[in-house]
DNA sequence: AGGATAACCAAGCAAGCGCTAGTGTAATAG
DNA sequence: CTATTACACTAGCGCTTGCTTGGTTATCCT
C-alpha cells in the first residue's frame, strides 16, 4: 500500500470519493461503491489508501489546503483598509466553499468520523485558516467598522457563511461575490447620506 | 407494533434516541445500542417503532413541534415593535435550540436520512416555523430597521443561529439570550448619540 | 375470574460491511 | 535480461447490521 503520496491518480480518486461522501454520507458510502465509481474492484482500493478513514482524511486535507491557499492569495491582493479585507475574506471563503464544494461539505459535516490522529493533524490546518479570520475581524473591530464581541462576531459570520452550502444554488441569479457583499453590508453600519 | 401513538413510554424512548443520535450519528447508532440505552433488548424496540427510520422521524417531529410552540408563545408575549419582535424570535430560536438541543442537532444534521414520506410530512412543520421568521424579517425590513435582500438576510441570520450548536457552550459565561442580543445588535445599524 | 392488550425476550436469519490474502500483469529500473 | 514496483484482480473471512419470529409475562378492563 502507498503511504501519504500525492500521485495524480490518488488525487483523482479523492475527488470522486468527496462527491460520493456528499451524496450518500460517509457512513453510507461503502468501499464497493467507491471502487465502482473509480472503475476498479473494491479490493484494489486498499492499494491507494490504507483504510476507509484515510480516504476521508485525504478529502478534508485537500479541501482545507485549498481554502488556506485561496484566502492567503485574496488577502495579499486586497487593499489594506479593513472593509476591503473583510470583503475579500468573505469572498474568498465563499469562492473556495463552492469551487471545492464537495470537500468542504465533507469537512463540515463528517469531521466527527475522523479518528483522533487525523483530527489532530487536520486541526492545525483548520486553525491556520481561522487565524486569518480572527486577524481580519480584529482589524475591523479596531477600526470601528463593526461592533461587538470579537469571538461572537467571528462565529456568527462564519456560521452564516458556512450555512450557505445548505441553501445556495450556484445556478441561481446570485454569484458567491454577491452573497459576500450582502453579508458584509449587513453587519457594517449603514452608510449615511454624507458618504454618498 | 404501534402506529403513531404518543405514549409517555414512546416519548421517553425518543428522548434517549435523540441523545444517542447526536453522540454517534444516526448511521453509527445501532438498534442494539438504542435498546441497551433504553434498558430493553433490541427486538423489543420494534414493538414501539416499526423501523429505525421511524425513530429518527419521531425525534425530529418532537423537536420541530416544540420549536413552533416556543416561537409562537414568544411572539405573542412580545411588544409589537419590529426590533422587539426580531429579538424575541432570535431568543426563542436559541432557547429551543438548547433546551431541545439533541432533537434539533438531529433535525439539522440527519435530515437526509429520512425517507421521502417522512420528509414530506415534516417539511410542513418546518415551513410553518420558517414562515414566522419570514414575517418578522419582513416587518423589520419595512420599518427600516435592517437592510438588504429579505431572502438573504433571513438565510444569513438562521445560518448564524443554527451554527451556534457547533460551538456554543452552555456552561460558559454567556446565556443564549446574550447571544441573541449580540446578533441582533450586529445586524441593526448602530444607535446614534441622539438615541442615548 | 377471564380475556384482551401492551411490553418484553431469546434466538437467529439474510444481507451487507470493511478488509485481507494471494495472484497476475504490464511497465520501469539496474 | 532480470528484479522491482505499481496496480489491479478473485475470492472470501469474520463480523455487524436491521429486522423477524414465536412465545412469555405483566397490566388493565369488565
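No lab work stands behind these numbers, since they all come straight from the coordinates. Every value quoted in this text rests on a predicted model; they were computed, and no experiment measured them. Methodologically, a virtual Cβ is constructed for each residue, glycine included, from the backbone with ideal geometry; neighbour enumeration extends over all protein chains shown.
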Averaged across the residues of B:170-179, what count of C-beta atoms belonging to other chains lies within 10 Å of each residue's C-beta?
1
Taking just the alpha-carbon atoms of the protein assembly as shown, what radius of gyration and Dmax come out, in angstrom?
22.7, 72
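Averaged over peptide B:157-169, how many Cβ atoms belonging to another chain are found within 10 Å of each residue's Cβ?
Values: counts 5, 5, 13, 13, 4, 5, 10, 4, 1, 6, 5, 2, 0.
Counting Cβ atoms of other protein chains within 10 Å of each residue's Cβ and averaging gives 6.
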With Cα springs under 10 Å, the Gaussian network model of chain B assigns the largest mean-square fluctuation among B:112, B:91, B:73 to B:112
If labels are modelled 7 Å from Cα along the Cβ direction, residue A:117 lies from its partners in the other copies at nm distances, smallest first, of 4.5
Under a plain spin-label model, where a point goes 7 Å from the Cα along Cα-to-Cβ, how far apart in nm are residue A:142 and residue A:120?
3.4
To the nearest whole number, what is the average tally of beta carbon atoms from other chains within 10 Å of the beta carbons of peptide A:142-148?
2
On alpha-carbon atoms, Rg over Rh for the range B:1-108 using Kirkwood Rh?
1.10
Sorting from shortest, the nanometre distances separating the label point of residue A:66 (7 Å past Cα along the line to Cβ) from those of the same residue in the other copies are 3.9
Within the range A:73-96, name every residue whose backbone N is under 11 Å away from a label modeled 7 Å from Cα of residue A:181 along the Cβ vector.
none
Pseudo-spin-label distance residue B:53 to residue A:50, built 7 Å along Cα→Cβ, given in nm, is 3.8
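Neighbouring Cβ atoms within 10 Å as the yardstick, rank B:38, B:33, B:89 fewest first.
Values: B:38 19, B:33 15, B:89 24.
Lowest count first: B:33, B:38, B:89.
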With the crude spin-label approximation of a point 7 Å out along Cα→Cβ, what separation in nm comes out for residue B:65 versus residue A:169?
3.2
Arrange B:136, A:59 by Cβ neighbour counts within 10 Å, fewest through most, would you?
B:136, A:59
Averaged over all viewing directions, the convex hull of the alpha carbons in chain B casts a projected area in nm² of 12.8
For residue B:53, label point 7 Å along C-beta direction: distances to other copies, nm
3.1
Unit-weight point scatterers at every alpha-carbon of the range A:85-196, Debye formula, q = 0.13, 0.16, 0.17, 0.19 1/Å: log10 I(q)/I(0) is -0.57, -0.83, -0.92, -1.09
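I need A:153, B:157 ordered by Cβ neighbour count within 10 Å, fewest first.
On the way: A:153 21, B:157 27.
Fewest-to-most ranking of A:153, B:157: A:153, B:157.
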Of B:85, B:113, B:101, the one that fluctuates the most in a GNM where chain B has Cα springs shorter than 10 Å:
B:113
Angle, helix A:150-162 long axis vs. longest principal axis of chain A, Cα atoms, 0 to 90°, nearest 10?
60
